[in-house]
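Have a look at the structure below before the remarks.
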């Protein structure tokens, strides 16, 4: 019997100096998605996160509030766990550094390294950044400030214990050279190698000027340095220091997922601690980029942090999870904005995925009473292209996820969604229905439904609620019992009764949001009120306007002179139109329904006085009128060639 693959993934343990923001949610969402995917792929998985609760910064913050440090962190750690619950984060263990099991592990680590002579007592005099809990040599300061957070440092002089980092520097450099996968991406590896080569000083690993920490086992006047304490959490979760099956099975970790600002601790201090303990080094430490706000790092002091709880209340959790993983190339910095979140949700989730599910089930209800038909006809070339892509998709996504290319994995899934939408237009089920070609119509509908079944399975690790909703509307049961092997083509059973429901992603009113600045930390009551005030796009018949409102719209006939795709946007066409008095550019979301040459010469109706907007960097100076059929097919509203461009529509 073969041994099952295993995957041990960790996040940093977050510092409870304040509530978490969207950047923290990014790290943990990625870790959760990786854990869910590897379970789906049939591997044993351990996913650990937690909270780093000691240190001078916490002690000072608690004193300022007039509470004990433990009471202070208890409240904030509860907010961490609440956020992870709302974000659909399913961790296996949550390590708090105030846990008794963690105290035991940290003191055992300190004692073992001390006993072998790699920790010694001396006096520390130098610079310390309390917000970062980091010691700095003077030659590494920037304008006298901390090079990480740019804030002032304090001159510290106290008796301390030191860890012989310098002793292990040559061995660590050799290890990094022989194991290039240890530090990822490559740019971070180069930074760390240069840092080590510039000279490692021995590390101060105890403090005496405060007492909120784990006592040094050989000298209780000292508390253990907060980073020496925090890094041990990855062993705490495995029951260290006692020999046990957990430790044997899961160590070394497969992936430490961390922000790039704490790479030095995880790729220099931590591996040297492990070398001193005679324990294996983690397989990979991946330093991802920051999630920026208007190209600036999020910070409470700058007032530019984004509260994920507010976004979840307004948009739901899966749009947030999707945006975080799809928008950012993993390892690089990414930019968050409310506008980008709305555009990504509307384009990928509402237009592409939601529309595909809705139009497919609508046609199934119309043509087959909502029951999955038998694929009776032999597939043609168009059918084969869709089926062939779907057949190899599970293996492709697995390879990308194992390579930590999550945004590329999602892109590959959305290619199937895009192909299925295009397949609807190419095969035109409504025409097959008119011809009463039941065998071919049944084959087309089966192919669409089977594509959606595979999509539901593949996206569930990333978007858990969405995968479940699609599965349910397809009339299927026991989603959790399915695995990567079940993405094989042809497992949808004919005769299954589907359960069409409401659209899973209603469109967000872009026009209403377009001119609003990105909002950071609005009150939840205000966010809910805004959402409630927005007109429901699914019920336009309930909105009544007066004739004076209608007369504000200038509708004119326009002739389409040119049509080309918008680069990097599968849904958009850039049109040059003649509106009688001038030539204008209009960007329209009809690329999946028309080939550009089908539009040349068409006389269409446009809104002439619509406020100009930019879509994917292209100026749009108007809007085409179009109709959507019950099957989801879009047709632009047109008039005969006898009506000249510029004619007013009343």
Counting each DSSP H run of 4 or more residues in the chain as -39500 (n - 2.57), what helix-only mean residue ellipticity at 222 nm follows after dividing by all residues, to the nearest 500 deg cm²/dmol?
-> -12000 deg cm²/dmol
Set the Förster distance to 41 Å, then compute FRET efficiency between residue 137 and residue 99 from the Cβ-Cβ distance, nearest 0.05.
-> 0.80
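What percentage of all Cα-Cα pairs in segment 594-650 are separated by more than 20 Å?
More than 20 Å apart: 37 percent of the Cα pairs in segment 594-650.
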How far apart, in nm, are two points set 7 Å out from the Cα along the Cα-to-Cβ line at residue 333 and at residue 436?
-> 6.6
Just rank 434, 402, fewest to most, by other beta-carbon atoms within 10 angstrom.
-> 434, 402
Taking N as its residue count, the alpha carbon Rg of segment 339-464 over 2.2 N^0.38 Å = 1.11
Three principal axis lengths of segment 547-649 [C-alpha, angstrom, descending] | 37, 28, 26
Mean projection of the alpha-carbon convex hull of segment 81-228 over all orientations, in nm²?
-> 11.5
When the Cα atoms of segment 182-336 are enclosed in a convex hull and the volume is divided per residue, what value in Å³ results?
-> 183
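Tell me, in nm to one decimal, what length is gained between residue 191 and residue 43 on full extension, where the rule is 0.36 nm per residue of separation less the Cα-Cα distance?
50.0 nm
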Which shape class applies to the chain: rounded if a/c is under 1.5, otherwise prolate when a/b exceeds b/c and oblate if not, where a ≥ b ≥ c are the square roots of the Cα gyration tensor eigenvalues?
-> prolate
Is the shape of segment 432-509 rounded, prolate or oblate, going by the alpha carbon gyration tensor and its root eigenvalues a ≥ b ≥ c, with a/c under 1.5 for rounded and a/b larger than b/c for prolate?
-> oblate
Stretchable slack from residue 64 to residue 497, in nm (0.36 nm times residue separation minus alpha-carbon distance) = 149.7 nm
Rank-order 353-363, 606-616 by packing density, defined as the average count of other C-beta atoms within 10 Å over each peptide's residues, highest first.
-> 353-363, 606-616
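Computed from the coordinates by the stated procedures, all read-outs in this text should not be read as laboratory data. Since we're looking at a predicted model, the values are computed, not measured. FYI the Cβ positions are ideal-geometry reconstructions off the backbone, even for glycines, and counts take in every protein chain you see.
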